[in-house]
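Each remark here refers to the structure printed beneath this line.
The values are calculated or read from the model by the stated rules, or taken from the named source; none is laboratory data. None of the values given here were measured: they were computed from a predicted structure. Cβ atoms come from the backbone with ideal geometry, glycine included; neighbour counts cover every protein chain shown. The accessibility values were calculated without ligands, DNA or RNA, using every heavy atom of the protein model including side chains. Shrake-Rupley method; radii C 1.70, N 1.55, O 1.52, S 1.80 Å.
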Amino acid sequence: MAKAAVFVDSRGGNTRIVADAIAEELGVKVGDITAPLPDNAQVLFLGSGTYGGAPGIDMMKFLTDNSFNGRKVALFGTSASAGGAEKMIAAMTDALTRKGATIAGTWHCRGKMFIINWGHPGREDLDNAKKFAGEMH
């Protein structure tokens, strides 16, 4: 089985819950977004919450500070709206492809924001996140 690594930028904790589910499925721990990328990871799972239609500041710094040349990357995220998540993942895709990454796939779910989407990510969301991890790995 290929080595995998999971990194996340999550302010409210929703995307971290998804990252934990993905990491559990892969048998790894969620990595420190401020640490360098591991050399042995063949598949990187990168996730962020959506903040104004964009990835988090820490995720964008992570993308800027690391080399992704020849890396296979799977992107995931949460957002109160599907359109916001798509915009955020598109921004990450653009940044990563400019740095030489191959995007293996993307996945997103609704996250709760105040009372919007209360109950998300729920059990079904986490099961789907694990399924996504298995398909990308």
Unit charges on C-beta of K, R, D, E only; dipole of the chain, Debye: 140
Whole-percent carbon and sulfur share, accessible surface of the chain, 1.4 Å: 51
Nearest 10 degrees, 0 to 90: helix 82-98 Cα axis against the chain principal axis: 10
Accessible area of Glu124 in the full protein assembly, 1.4 Å probe (Å², nearest 10): 130
Vicinal HN-Hα couplings computed from phi for region 18-31 (Karplus, 6.51 cos²θ - 1.76 cosθ + 1.60; Hz; Gly/Pro x): 5, 4, 4, 5, 5, 4, 4, 4, 8, x, 10, 9, 5, x
Sites Glu135 and Met60 - FRET efficiency at Förster radius 22 Å, r taken between beta-carbons, to 0.05: 0.25
Rounded to the nearest 10 Å², the accessible area of Ile33 at probe 1.4 Å: 30
List Lys61, Lys72, ordered by accessible area with a 1.4 Å probe, largest first: Lys61, Lys72
Over the chain: helical MRE at 222 nm, DSSP H runs n ≥ 4 each giving -39500 (n - 2.57), nearest 500: -12500 deg cm²/dmol
Answer label, with Kirkwood radius over Cα pairs in Å calculated from the coordinates and candidates [x] 17.4; [y] 16.2; [z] 14.4: [z]
